[in-house]
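As structure tokens, the structure follows; a few thoughts come after it.
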Amino acid sequence: MNDAAVRTNIDPRRELPSVDELLRSAAARSWGMLTGERMLADLCRRSIDECRAELTSKMANGLAESIDTNELAEEKLNTIARTFFAPKQTRVINATGVVVHTNLGRAPLSEAAKAAMVEAAGYATVEMSIGDGKRGRRGGFAEDLICELTGAEAAVIVNNCAAAAFLVLSVLATDREVLVSRGELVEIGGDFRVPDVLGRSGAYLKEVGTTNRTKISDYASAIGENTGLILRVHPSNYKIIGFTATPSNAELAELAHEKGLAFFEDAGSGALVDLSQYGLGDEPLISRSIEDGADIVSFSGDKLLGGPQSGLIVGRKELIVKIRRHPLFRALRASKLIYAGLEATLGAYLRETAFTEIPVLRMIAASSDEIYERSARFLKSFYGKIASSSKVELKLIEGVSVIGGGSAPGVQPATHLVSVDHAELTADELAAKFRSNRIAVFGRIENDRFLIDLRTVSENEEGELLDAISQLTF
Ligand SMILES: *Cc1c(COP(=O)(O)O)cnc(C)c1O
């Protein structure tokens with residue numbers, strides 16, 4: 001490189017490396033793997049342009065003496081490249097204790113689901129039947145499994161639950177009135193608001209009852225000539241407590257059927273197994289909704305179910321057939337990767353190994369004692385590795401985890417937390433350090449303490465987490 005770079009009394013802009021020179025620098029070589037050659041040359045050109053502009057303004061202020069222009073250009077390249085790649089999707093360690101963390105990708109997949117998705121990445125029998133070599137039904141097996149597990153007659157799978165609800169309303173209720181309790185006109189987050197979705201689908205919202213109390217007679221008296229559907233929306237992310245009332249699914253189904261209407265439940269999370277012993281008794285159990293007479297139920301594949309992002313619609317065959325034939329279905333249908341991941345996830349429920357195979361269920365079911373044991377072992381490994389006089393101190397404290405993903409408000413499973421104290425860093429500074437770790441670590445800050453909840457950290461991530469903490473001891 002250019003050894004004249006540090007000389008003074010020369011226009012430093014002339015000492016800037018050429019694009020070719022910068023391309024050969026260590027900084028450029030380290031970015032090359034990500035960028036490819038053409039993009040890298042472009043980033044180098046932009047870096048040099050920015051250095052030139054910066055030097056010009058420094059010269060005007062007499063601040064451009066003895067600048068190492070090579071170093072300046074490499075630093076600039078690092079900054080520009082880092083900014084460009086900042087939004088890139090990368091693996092992270094979720095130490096927040098929020099099990100279904102929407103911003104961190106909701107449900108982490110089971111090993112079987114990951115393997116199935118990798119396998120389906122090549123050519124796969126998406127719409128082909130191996131038996132006769134003829135065209136097969138897309139998503140057929142995943143749909144059969146979901147029927148088997150819920151007792152529904154038929155099922156259809158789309159991109160997510162928002163798409164599912166929109167599709168159901170568009171097919172079954174366009175130009176018709178849909179009855180919804182005032183207590184269920186909720187916003188789920190990310191702009192999914194029940195009144196808006198309903199409006200967009202072409203259905204008309206007819207509000208029933210009050211925010212805290214809606215009775216079956218309120219629904220009955222709201223039914224008119226143009227009523228098409230009774231909708232129940234599970235208020236996933238909030239809970240009304242106190243003086244409340246709402247009819248059961250069975251009552252709503254009975255009323256709907258008496259009047260020749262359909263009853264549709266948007267269950268949101270939906271559970272395929274009873275989770276009431278973990279405090280999740282308020283989450284609709286899909287098989288129970290079907291048993292209670294719901295004609296159609298929609299729910300997410302990546303919340304409590306623990307699979308890939310998808311929206312599942314189950315219910316009466318004639319209605320599912322109508323949904324599948326609608327042009328909107330074609331626009332909202334899921335990809336082969338999703339069918340593969342769902343088949344593998346649902347397979348674990350079928351084999352009754354869901355609580356060992358599916359991370360979301362494993363995490364929900366982990367007891368506070370189990371997490372205490374793991375955390376104590378974790379502390380022991382840390383102090384075995386690091387002299388106790390280091391700047392970092394780990395402590396075990398009691399606390400709670402969160403289910404998350406807009407489900408189970410107020411459900412806070414007891415847990416044990418590892419609190420990380422640093423002699424020189426505040427909790428916010430620690431959080432920033434953890435995020436800038438080679439594998440970014442997300443924890444929680446409470447009362448000015450940085451906290452790690454091992455409930456949401458898999459055992460194979462513990463080594464990486466330990467390394468991240470060890471980095472802070474120097
Ligand atoms: C989460 C949720 C949705 C949206 O589901 P996505 O899979 O995120 O699209 C819709 N309705 C209810 C009741 C929900 O809880």
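The values are calculated or read from the model by the stated rules, or taken from the named source; none is laboratory data. Note that the structure is a prediction, hence the values are computed from the model and not measured. Please note: Cβ atoms are built from the backbone with ideal geometry, for glycine as well, and neighbour counts cover all protein chains shown.
Sort out which residues of the range 243-268 are of a type in the set (A, V, I, L, M) and at pLDDT 95 or above, and write them in order of number. Steps first, answer last, please.
Taking the range 243-268 as the starting set, the residues that turn out to be of a type in the set (A, V, I, L, M) are 245, 250, 252-253, 255-256, 261-262, 267.
Result: ALA250, LEU252, ALA253, LEU255, ALA256, LEU261, ALA262, ALA267.
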Residues of the range 114-170 being within 16 Å of the ligand (Cβ to nearest atom) and among the aromatic types (Phe, Trp, Tyr), in sequence order, are PHE166
When every residue in the range 389-420 that is touching a Lys or Arg at 6+ places or on another chain (Cβ under 8 Å) and modelled with pLDDT under 95 is compared, the one surrounded by the fewest Cβ atoms within 10 Å (Cβ to Cβ) is GLY410
Here the residues within the range 394-453 that are assigned to a helix (DSSP H, G or I) and either under 25 Å from GLN277 (Cβ atoms) or small (Gly, Ala, Ser) (or both) are ALA427, ALA431, ALA432
By residue number, the members of the range 237-286 that are more than 25 Å from HIS101 (Cα to Cα) and in contact (Cβ under 8 Å) with a residue 60 or more places away in the chain are THR244, THR246, ALA262, PHE264
Note on the range 332-352: residues under 15 Å from THR125 (Cβ atoms) and basic (Lys, Arg) are LYS336
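Name the residue, out of SER276, SER289, that is small (Gly, Ala, Ser) and within 16 Å of the ligand (Cβ to nearest atom).
Working: SER276 fails: within 16 Å of the ligand (Cβ to nearest atom).
That would be SER289, the only listed residue that is small (Gly, Ala, Ser) and within 16 Å of the ligand (Cβ to nearest atom).
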Exactly one of ASN103, ASN78, ASN70 is polar (S, T, N, Q) and within 19 Å of the chain's Cα centre (by Cα), and that residue is ASN103
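Could you pull out the residue among VAL197, VAL186 that is within 15 Å of the ligand (Cβ to nearest atom), touching a residue at least 12 places away in the same chain (Cβ under 8 Å) and within 30 Å of ARG362 (Cα to Cα)? Can you show your working first?
Numbers: VAL197 fails: within 30 Å of ARG362 (Cα to Cα).
So the residue among VAL197, VAL186 that is within 15 Å of the ligand (Cβ to nearest atom), touching a residue at least 12 places away in the same chain (Cβ under 8 Å) and within 30 Å of ARG362 (Cα to Cα) is VAL186.
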Residues in the range 115-149 that are of a type in the set (Val, Ile, Thr), farther than 14 Å from THR345 by Cβ and not in a loop (DSSP other than H, G, I, E, B) total 1
